[in-house]
Amino acid sequence: MDRLKQLFKSKFTVQVEEIKAIVKEHGTKKIDDVQIEQVYGGMRGIQSMIWETSSLDSKEGIRFRSYSIPELREKLPQINGATEPLPEGLFWLMLTGELPTTDDVQWLSEEWQRRSAIPDNVFKTISHLSCDIHPMTQFSIAIMAMQQNSIFAHRYEQGMSKSEYWDAMYEDTMNLIARLPRVAAYIYRKCFHGNDQIASDSNLDWSANFAHMLGKTDPAFYDLMRLYMTIHADHEGGNASAHTVHLVGSTLSDAYLSLSAGINALAGPLHGLANQEVMDWIYDMIKDLGTRKISKDQIAEYVKKTLAQGIVVPGYGHAVLRSPDPRFLAQKDFAAAHCPDDELVQIVWNVFEVVPPILESLGKVKNPWPNVDAHSGALLEHYGVKEHNFYTVMFGVSRALGVLAQLCWDRAYNLPLERPKSLTTEEIKQFIANSTN
Ligand code: CMX
């Protein structure tokens, strides 16, 4: 058994016993009340699921196993000359709750390299897809095309015992994460670079190798990829992509089926597609004004025009956060260090100054601040990834880390089929009548 699997097993074995004791002693205590407005309002804030890998505070933002993003940038090991944390280290932390050593990160990087070979039929499947199909759809299909290699599905068919689910899920998770950058880069090079594919470089870490296979060689872009893959990896369990993976996984669908479903959720414009929408919106503004030198007054006018059309300002607002997203701030910090004079970065920063007071003045937007998607596109474009409709695929490669680490915990806990109760409006009316009588 490899060192990460062994550590994971030792962690969940203890935790499973703790949970049994918690449920036995406190199982009937109430943790939340549900209001009718929450039932109609997208279930905001209802505390009803377990998610171990990260936790979200509305003011402070995301913490991965209790570490904030600035803390991760300081504490996660850096190898290969990196100046940003490696997602290998974050995955180790999310799966085990322990900070890895430099040696652990090196080992995991090599382990993912070792597992990254992709069956030919997957590339054939992608090759048959027209480039008119959105890259997110192609990415989802490619993950489905890999499903025939699911160890979980195969072992389940052979009659796997419940006590082994975690083991098979771990194997699928490691293989799938190892392969995602290759699949994503293949789609990118096929659609945007005349199918001129670039072979993987086994000396590079997971993120740098992804950058390399996209065709980028700037060491600063390697670091941006390490940061990008780290900060997008997880955002507690209630967000649409994470919750979808968790829900589909609860039917004992394997990691491939579950992740592909989560990628489809991420592809929505209110969720991950917002990074594409942000850049398209900025480019529409540039086109409208006929210049890239845009004043704050011009941005304010354009924002009001957008709102008057009944369109949301992409990259702003959040279902949970109530302050600027630390993932936005980490990217702003990176841009300040590497490319403060970039014209698009300047626009993103000016939008950051202009939009919040306007959204606040509407009196209905609960969070006027930028989210993660408000900044990523300008940075990617700075380093030459100019294809906006590819941005959410990059988000998806990263998001796999958190949702699959949690999927391993789901199966280690042997969580049951997820099945909340729905209500009809007639039943709600009946409830109101009974409670006011
Ligand atoms: N621009 C304009 N209006 C906005 C807005 C924005 N950026 N954010 C929220 N609102 C509006 C809502 O549309 C809603 O209007 P109605 O009452 O007329 O329907 C009202 O303000 C209240 O919404 P809310 O409670 O503040 O926000 P929600 O929790 O319902 O939605 C979110 C959150 C992210 C979908 C929303 O803020 C939004 O649409 N933002 C733009 C899209 C975006 O950036 N999504 C990415 C989120 C991060 C991610 O998942 O990657």
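The values are calculated or read from the model by the stated rules, or taken from the named source; none is laboratory data. Just so it is clear, the model here is predicted, and its values are computed rather than measured. Because the Cβ atoms are built from the backbone with ideal geometry, glycine has one as well, and the counts that use them run over all protein chains shown. Please note that ligands, DNA and RNA were not included when accessible areas were found on the heavy atoms of the full protein model with its side chains. Shrake-Rupley method; radii C 1.70, N 1.55, O 1.52, S 1.80 Å.
Being outside any loop (DSSP other than H, G, I, E, B), assigned by TED's automatic domain parsing to the domain that holds Glu111 and under 27 Å from the mean Cα position of the chain (by Cα) is a property that Gln6 has. In region 318-339, of all residues being open to solvent by less than 40 Å² (accessible area, probe 1.4 Å) and assigned to a helix (DSSP H, G or I), the one that is nearest to Asp223 (Cα to Cα) corresponds to Phe334. If you go through region 243-266 and pick out every residue that is within 12 Å of the ligand (Cβ to nearest atom) and either in contact with a His (Cβ under 7 Å, 6 or more places away or on another chain) or open to solvent by 30 Å² or more (accessible area, probe 1.4 Å) (or both), you end up with 2. Val348 falls short of the stated requirement of being at pLDDT 95 or above, open to solvent by less than 10 Å² (accessible area, probe 1.4 Å), over 28 Å from Ser295 (Cβ atoms) and not assigned by TED's automatic domain parsing to the domain that holds Asp132.
Can you say whether Pro314 is within 11 Å of the ligand (Cβ to nearest atom), assigned to a loop (DSSP other than H, G, I, E, B) and buried (at least 17 other Cβ atoms within 10 Å of the Cβ), as far as the supplied structure shows?
Working: within 11 Å of the ligand (Cβ to nearest atom): yes; assigned to a loop (DSSP other than H, G, I, E, B): yes; buried (at least 17 other Cβ atoms within 10 Å of the Cβ): yes.
Yes; evaluated as a whole, the condition is true for this residue.
Return the total of residues in region 35-51 being open to solvent by less than 80 Å² (accessible area, probe 1.4 Å), away from the ligand (no atom under 12 Å from the Cβ) and within 19 Å of His246 (Cβ to Cβ).
Going residue by residue through region 35-51, those that are open to solvent by less than 80 Å² (accessible area, probe 1.4 Å) are 36, 38-39, 41-42, 45-46, 49, 51.
Checking which are away from the ligand (no atom under 12 Å from the Cβ) leaves us with 36, 39, 46, 49, 51.
Going one step further and asking which of them are within 19 Å of His246 (Cβ to Cβ), we end up with 46, 49, 51.
Looking only at that region, the number is 3.
Residue under question is Arg182, and the condition is that it be in contact with a helix residue (DSSP H, G or I) (Cβ under 8 Å, 6 or more places away or on another chain) and either among the polar types (S, T, N, Q) or open to solvent by 50 Å² or more (accessible area, probe 1.4 Å) (or both); does it hold? Before the answer, list the steps.
On the way: in contact with a helix residue (DSSP H, G or I) (Cβ under 8 Å, 6 or more places away or on another chain): yes; either among the polar types (S, T, N, Q) or open to solvent by 50 Å² or more (accessible area, probe 1.4 Å) (or both): yes.
When the stated conditions are applied, Arg182 passes them.
Counting only helices (runs of 4 or more DSSP H) that sit wholly inside region 137-253, those with at least 3 residues that are within 30 Å of Glu60 (Cβ to Cβ) are 165-192, 206-214, 219-231, 240-249.
Among residues of region 54-68 being hydrophobic (A, V, I, L, M, F, W, C) and open to solvent by less than 10 Å² (accessible area, probe 1.4 Å), the one that is nearest to Asp333 (Cα to Cα) is Ile62.
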